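Written below as structure tokens is the structure these notes are about.
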Amino acid sequence: MQKGEFLYEGKAKRIYATDEPGILWMEFKDDATAGNGAKRGTIGDKGRINAEITRRVYEHLEASGVRTHLVRTESPTVLLVKKLEMFHLEVVVRNIAAGSLVKRIGLEEGREMAQPIVELYLKDDALGDPILNDEHVIALGLASPEELAGLKAAARRVNELLRPYFEERGILLVDFKLEFGKENGAIVLGDEVTPDTCRFWDAKTREKLDKDRFRQDLGGVEEAYQEVLRRVDAPHA
């Protein structure tokens, strides 16, 4: 597979065309940002770690019937993925109170939700990725009512599969962001599942094992990412 025209660069990845129609070259970077780009830095080996975690998680989801854009690994920092018609939405699932949920509605950090909360955000850096309700999504033409229901159902299904997957590895899946697209009208999971897009806590100590260590200047950022990969890599029955 040959890397083709440069298409897009985001905070954590670069996207290129390839010599095969419908297949994209997704290259993970070591760059790190927080606060919609207000804080910038690098996390050593993050690109390789995030590519490998995403591959393993998506293979697990695919084996359980969830469609993803993953095709295969091309290099340690590159995944080949299917080109999707992306929804301009971020779908966030929250199992334990943390981050903006704590700030917005005053819940104590660490409080477990009675049931997972699904939130929708407009994917727009210039506006600060504002939270949306269903009516906003429909009014903005971001998804049809049927698609919106499908997105929420898909996010809940991913959560049902990933919570026990990570718990078996001693990790609490606190919350996470998903992005979806369409392929021939079907909803398909895109983007990544990594310590950049998820809050991971050690199940015993509740030590943070994700990008909050970078956001909050907690130190040990590289070690936290490496630890998540080590646990994902470890054999499980």
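The values are calculated or read from the model by the stated rules, or taken from the named source; none is laboratory data. Since the structure is predicted, the reported quantities are computational estimates derived from the model, not experimental observations. Here the Cβ positions follow ideal geometry from the backbone for every residue, glycine too, while neighbour counts run over all protein chains shown.
Anything in segment 16-48 that is over 23 Å from residue 81 (Cβ atoms) and of a type in the set (Lys, Arg)? List them, or say none.
39, 40
Filtering segment 91-138 down to residues that are of a type outside the set (A, V, I, L, M) and in contact with a Pro (Cβ under 9 Å, 6 or more places away or on another chain), which residue is modelled with the lowest pLDDT?
Checking each candidate, the answer is 124.
Would you confirm whether or not segment 115-131 contains a residue that is closer than 22 Å to residue 65 by Cβ and of a type in the set (Phe, Trp, Tyr)?
No, there is no match, as no residue in segment 115-131 is closer than 22 Å to residue 65 by Cβ and of a type in the set (Phe, Trp, Tyr).
List the number of the failed condition for residue 187; all other conditions in (1) outside any strand (DSSP E or B); (2) over 22 Å from residue 96 (Cβ atoms); (3) in contact with a Gly (Cβ under 7 Å, 6 or more places away or on another chain) hold.
(1)
Mind counting the residues in segment 215-237 that are modelled with pLDDT under 95 and either crowded, with 17+ Cβ neighbours inside 10 Å or among the aliphatic types (A, V, I, L, M) (or both)?
The number of residues fulfilling the criteria is 2.
Could you say whether any residue in segment 92-106 is within 30 Å of residue 184 (Cβ to Cβ), touching a Lys or Arg at 6+ places or on another chain (Cβ under 9 Å), surrounded by 17 or more Cβ atoms within 10 Å (Cβ to Cβ) and not polar (S, T, N, Q)?
Looking through segment 92-106, at least one residue is within 30 Å of residue 184 (Cβ to Cβ), touching a Lys or Arg at 6+ places or on another chain (Cβ under 9 Å), surrounded by 17 or more Cβ atoms within 10 Å (Cβ to Cβ) and not polar (S, T, N, Q).
Working only within segment 183-201, note down all residues that are in contact with a helix residue (DSSP H, G or I) (Cβ under 8 Å, 6 or more places away or on another chain) and closer than 18 Å to residue 47 by Cα.
Passing the criteria: 192, 193, 194, 195, 196, 199, 200.
Within the bounds of segment 137-152, is there any residue that is acidic (Asp, Glu), under 26 Å from residue 25 (Cβ atoms) and either in contact with a His (Cβ under 8 Å, 6 or more places away or on another chain) or surrounded by 18 or more Cβ atoms within 10 Å (Cβ to Cβ) (or both)?
no
It is to be established whether one or more residues within segment 31-45 are touching a Gly at 6+ places or on another chain (Cβ under 7 Å) and either crowded, with 17+ Cβ neighbours inside 10 Å or at pLDDT 95 or above (or both).
Scanning segment 31-45, I find at least one residue that is touching a Gly at 6+ places or on another chain (Cβ under 7 Å) and either crowded, with 17+ Cβ neighbours inside 10 Å or at pLDDT 95 or above (or both), so the answer is yes.
If residue 51 passes every condition in (1) among the small types (Gly, Ala, Ser); (2) assigned by TED's automatic domain parsing to the domain that holds residue 159; (3) in contact (Cβ under 8 Å) with a residue 24 or more places away in the chain but one, which one does it miss?
With (1) among the small types (Gly, Ala, Ser); (2) assigned by TED's automatic domain parsing to the domain that holds residue 159; (3) in contact (Cβ under 8 Å) with a residue 24 or more places away in the chain applied to residue 51, the lone miss is (2).
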